[in-house]
Each structure stands twice: as C-alpha cells, then as structure tokens.
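The values are calculated or read from the model by the stated rules, or taken from the named source; none is laboratory data. Quick caveat, the model's predicted, so the values are computed rather than measured. When we count neighbours, we look across all protein chains shown, and the Cβ atoms used for this are built from the backbone with ideal geometry, even at glycine. Only protein heavy atoms, including side chains, enter the accessible area calculation; ligands, DNA and RNA are left aside. Shrake-Rupley method; radii C 1.70, N 1.55, O 1.52, S 1.80 Å.
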Amino acid sequence: MGEQSSGHTSNSDKSNKSPSGVTSGRTPDTLKPGASRPAAPDTTSQTSVKKTQVGRTSAGKKAAVNEPPEQPAAATKAAAKKAVTKKATAKKTAAKKTAAKKTAAKKTAAKKTAAKKTAANRTAAEKTAPKAPAKKAPAKKAPARKPESRVAMVRRARRINRELAELYPYAHPELDFTNPFELLVATVLSAQTTDLRVNQTTPRLFAVCPTPEDMAAMDPERLEELIRPTGFFRAKTKSLLGLSAALRDRFGGEVPGRLEDLVSLPGVGRKTANVVLGNAFGVPGITVDTHFGRLARRFGWTTAEDAEKVEADVAEIFPKSEWTMLSHRVVFHGRRVCHSRKPACGACPIAPLCPAYGEGETDPEKAKKLLKYELGGQPGQRLKPPPGYPGKPAPPMAPSVAAS
C-alpha cells in the first residue's frame, strides 16, 4: 500500500505545479536516501521578467496606436501632387485678384481725373460764356376738347367764318391782275413762291406779252429770264407757253369760264381753276392751298391731306355762296396769324373756337410780335391793293434784281 501511494502523483499535486513545471507547495518530508534538497525557485526574477514582458507588450500596443498606418507609395505621391497643385492654383488666384484690383484702381483714378478735367472745362466755359436769361416754362396747352357731334362742328365752323369776316372785311385775292388772263398766269407763277414775288415779277412780263397770242410767240429763253425770280422758271415757262397756245388755238384767245375747260390747260390744276373762276368770273369755288388745308385741319373741319378731299369736306359744311370769300378769309388768317411753325394763338380772335389752341405762342405780348403784314404793321403783298385795304402797298422789285 505504501509503494502505490509513492509511485503515483495525486490530483492535489498536479494542481500545485506551476506553468513552468516547478512544483509549488510543501516539499515532501521524506526524500530518498542520498538525494539532496532541491533549491527553492527564484520567484523574484520570474516576476520581474513577467513585468518586463508585460511592459513591452503595452508599449508596443501604444506605439502601434500612435503611429499612422502605412500608406502605399502611389497614394502618397498623388497626395503630394494634389497639395502642390492646390498651392499653385491658390497662388494664381491670388495673383489674378491682385491684378484685377490694380486695374480697377487705375480705371477709377482715370475716371476721377477725366471728371476733374470735365468739371474744370465746364467751369471755365461757364465763366467765359455770357449768362443766358433764364428760360420760362412753356405755356401749357389747352385741355383736349370733348368729342363733338357733326351738328356742333358745323355750327362752330360757320361761327368761325363769321368771326373771320369781321376780322378781315377787306379779304381779297393777293395777286395783282386786271383780267382773267393775267390772273391765270399769275396763279401759275405763284406755285412754290410768295404772291409778293409774283406781283413784283408780272408787271414786266405783261408789258412784253399782254395776251395769250403774244405769250405763245415768246422765245422760251426770253420768257425764262422774265419769270426767273419766281423760281422753277423752266417748268413754269413750259406751262405758260402751253396754256397760251391752247387758249389761242382752242378758245380763241379767251380764258374759259368752266372748270373742266380750265383744268384741261397745261399747268392748270383744280386750285388754279377755282382761283380764276371765283375771282375773275364770280363762280363760287374753294381754293385749297397750303394755308387753307392747314387751317381746315386745325379747325377740325377735315382730317384729309389730299387737296381735293379737303375741298369736298369743307364744301359740305358751308353754303356754296360762301366758298370764294371763305377761301380768302382762311388764307388771310393763315398768312397773318395762324402760321405753320409758330401760330400766334395768344393774339387770335377765334382762339376760343379753335381745337388747336395752344400749339403756338399763347402769351398775348409775345403773340403780337408774330403777326404779319397789315396786322403786324408791315406792307401787304400787293403792289396795287384794292380800295379799303388797311395796309401799305408792297414795294416793287429792286432794279438790280429785276435786271436781266
């Protein structure tokens, strides 16, 4: 029994062995004869070794945590290139901004310099130039009239005619003539010129050729020289020679008294025919020249621009017996008061009846200075005005101009 217990190791002995194979715990009390006692294990050195190993392990772990993970070489190079590119781009952007700031500063300085020069020039000009009087605000136009009926327009138009009759009781044709032939020739010459210029030209003309037969036999160049002051003398010479020959050949040297015959003559239109019929034959007619057409539109009698349409519109408003004198009165008013460019609205007696009031000068004192001919204290257009004309006769043409 004793030998079996010494040959086998108990479970308690197995549990007392250390990992290194050294038995811990109590040393057996009995040893075999002749064996020496084993030396006690050095636990101190073993403990220090273990501590050193543990320290090294923890230090290695800390170093592994603090050290960045190793990157591949290609990724490192790419990151370096990106960094360089970013730096270069930043430098370029900064350089561009700096250049832009410098350019803007130069432009601003140039503008300031130019502004200073301009201001200096203006100041010098203001000092040098004479001071102009302060301009007054333009007169306000009359408010637009309400739309009027046809009946109201006709009544207003006929009242204007009565007012003009009181203003111009001496209205007459402003061409000098003694017979229908002279009136016909003078009317043809009056195109694109003034009646005054025609009246200054016709005395010499009628002294040379008083009849259609005489004029038809005139040398064209001689006739051109006689009528040169009226302008467009070549075209007018052709018309005068043609109508004189037609009067001689077709009408026995007499001016016809019918509209259709007159308009068949070379250079004679509807306006010229109405002038001759109304003033040489007593046949009523409406003469639509530039003055008549302008005032008819301003008065609201028509909106047409064509002369024949204006004539037709006005003929529907007034009785036929008034046509000839209405023409004279309206033309008189257009030449003296209701001018094309600057009407004398402030001096117009029929201003309350005019829808166009305010287109011209409304100040009474300034408007008076715009009046012409007898209303403005100046000579009229006729060298031989009819009886009752309040103005002065027009002067004849100067000898130096008439000589040819």
> For Lys116 and Glu148, what is the calculated FRET efficiency with R₀ set at 45 Å and r taken between the beta-carbons, to the nearest 0.05?
Replying inline: 0.15
> Each residue of region 271-276 in turn: what ³J(HN,Hα) in whole Hz from Karplus with 6.51, -1.76, 1.60 and θ = phi - 60°, glycine and Pro shown as x?
Replying inline: 4, 4, 5, 5, 4, 5
>> Using the Karplus curve 6.51 cos²θ - 1.76 cosθ + 1.60 with θ = phi - 60°, what ³J(HN,Hα) values do you get for each residue of region 165-177, in whole Hz, with x for Gly and Pro?
In response: 5, 6, 6, 10, x, 9, 4, 7, x, 9, 10, 6, 7
> Once the other residues with Cβ under 12 Å from the Cβ of Leu223 are scored (Lys, Arg +1; Asp, Glu -1), what is the net sum?
Replying inline: +1
> Please state the relative contact order of region 284-404 as a whole percent: Cα pairs under 8 Å, 6+ residues apart?
Replying inline: 18 percent
>> Testing the spin-label approximation: label points 7 Å from Cα along Cα→Cβ at Lys238 and Asp214. State their distance in nm.
In response: 2.6 nm
> In sequence order, what are the phi-derived ³J(HN,Hα) couplings for region 184-189 according to the Karplus relation 6.51 cos²θ - 1.76 cosθ + 1.60 with θ = phi - 60°, rounded to whole Hz, with x for glycine and proline?
Replying inline: 5, 5, 5, 5, 5, 6
>> With every protein chain kept in place and ligands, DNA and RNA left out, what is the accessible area per residue of region 163-290? Probe 1.4 Å, answer in Å².
In response: 42 Å²
>> Over all directions, how big on average is the projection of the convex hull of the alpha-carbon atoms in region 186-266, in square nanometres?
In response: 4.9 nm²
> Taking the highest mean first, how do the peptides 98-109, 282-293 order by number of other beta carbon atoms within 10 angstrom per residue?
Replying inline: 282-293, 98-109
> So what is log10(I(q)/I(0)) for region 150-306 at q = 0.11 1/Å, when the Debye sum runs over its Cα atoms only?
Replying inline: -0.49
> Rg and Dmax of region 219-321, Cα atoms, in Å?
Replying inline: 16.1, 48
>> Once you order the gyration tensor axes a ≥ b ≥ c over the Cα atoms, which shape class does region 319-404 get: rounded for a/c under 1.5, otherwise prolate or oblate by comparing a/b with b/c?
In response: oblate
> How far apart, in nm, are two points set 7 Å out from the Cα along the Cα-to-Cβ line at Lys86 and at Lys309?
Replying inline: 8.1 nm
> Along the Cα-to-Cβ line of Thr290, 7 Å from the Cα, sits a label point; which residues in region 305-336 have backbone N less than 12 Å from it?
Replying inline: 335
